[in-house]
Amino acid sequence: MFLKTKMWCSAIRNRIKHYNLKRKYPDYKDDEYNCEELKFIWGIKSSDDLTSNEANLYTMNDLDIVFDRERNEYLLGIETIYSFAEGNKGEIKYLECLLDKFTEFVKEKGHISAADNPSLCCIENTDPWRAGTISELYIRFKIFVNGYKSVVSEIS
C-alpha cells in the first residue's frame with residue numbers, strides 16, 4: 001500500500017511539474033527533446049551510442065546544440081573524450097568533420113548567410129560554448145577549430 005501511495009504522489013508531482021513548465025515555456029513538451037528549461041535543437045549522434053533513437057538530450061552526441069530557455073541562450077556541447085591513434089592530426093580531422101556537419105546544418109536551416117560578418121564581440125570575454133544565436137555559436141566553434149589547427153601546426 002505504501003509503495004502505491006508513493007508512486008501515485010510521484011506521478012502527481014510530475015504532472016504538476018510538467019504543467020508548470022508548459023505554462024512557463026509554451027513550446028515545452030514532456031519528451032526526449034526537453035528537460036525543464038533545456039530544449040534540444042540539433043546534434044550529431046556519436047557512433048558509440050547504441051540506441052536507435054535520433055540525436056536528442058539523452059543520446060551520446062559528438063556535437064549538440066541545446067537552448068536554455070531560462071537564460072535565453074544556446075549551448076554547444078562537444079565530445080572530447082576520444083583519443084586518436086594519429087594524435088593531434090586525428091583530433092583535427094574529428095573537429096573538421098564536426099565543423100563540416102555544423103556548417104551544413106546552419107546553411108540548411110538559414111542560420112547563417114554571407115551577410116553574417118563575424119566581429120570581435122563574438123569572441124569577447126564570454127564562454128565560447130554559449131551564445132545568443134546559433135550563428136554566433138557557429139562562428140565561435142569555427143574560430144575554435146581553426147585556432148586549434150593553427151596552434152597544433154605551430155607546435156608540430
remark   = Here the net charge surrounding Arg15, from other residues whose Cβ is less than 12 Å away from its Cβ (Lys, Arg +1; Asp, Glu -1), is +2
ask   = Amide H of Leu63: which non-local residues (sequence gap of 5 or more, or other chain) have their own amide H closer than 5 Å, using H built in the peptide plane?
value = Ile44, Glu79
key: Nearest-0.05 FRET efficiency for Asp49 and Lys107, computed from C-beta distance (R0 30 Å)   = 0.75
query = Which distance in Å, rounded to a whole number, links the C-alpha centroids of the stretch 41-93 and the stretch 126-148?
reply = 15
request  = Can you pull a Stokes-Einstein diffusion coefficient for the stretch 35-87 at 37 °C (0.692 mPa s), Rh from Kirkwood over Cα pairs, as a whole number of µm²/s?
outcome  = 272
request  = Kindly state, to the nearest 0.05, the FRET efficiency for Thr133 paired with Glu79, given R0 = 22 Å and r defined as their beta-carbon distance.
outcome  = 0.45
inquiry  = Straight-line reach from Lys109: which aspartates and glutamates fall under 16 Å, measuring Cα to Cα and dropping same-chain residues less than 8 apart?
reply    = Asp64, Asp100, Glu136
key: the chain, helix-only ellipticity at 222 nm - DSSP H runs n ≥ 4, -39,500 (n - 2.57), divided by all residues, nearest 500   = -15000 deg cm²/dmol
query = Given Cys97, Phe141, Asn72, which one lies farthest toward the positive end of the charge dipole of the chain, if we put +1 on the Cβ of every Lys and Arg and -1 on the Cβ of every Asp and Glu?
reply = Asn72
task = Only Cα pairs under 8 Å and at least 6 apart count here; give the relative contact order of the stretch 31-155 as a rounded whole percent.
result = 20
task = Would you tally the net charge around Glu37, using a Cβ to Cβ cut-off of less than 10 Å, leaving Glu37 out, and scoring K and R as +1, D and E as -1?
result = +1
Pairwise label distance in nanometres, Glu96 with Ile16, each label 7 Å out on the Cα-Cβ vector = 5.6
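None of the figures in this text is laboratory data; all of them are computed from the coordinates on show. Being a predicted model, the structure only gives us computed values, none of them experimental. Glycine gets a Cβ as well: all are built from the backbone with ideal geometry, and neighbour counts include every protein chain shown.
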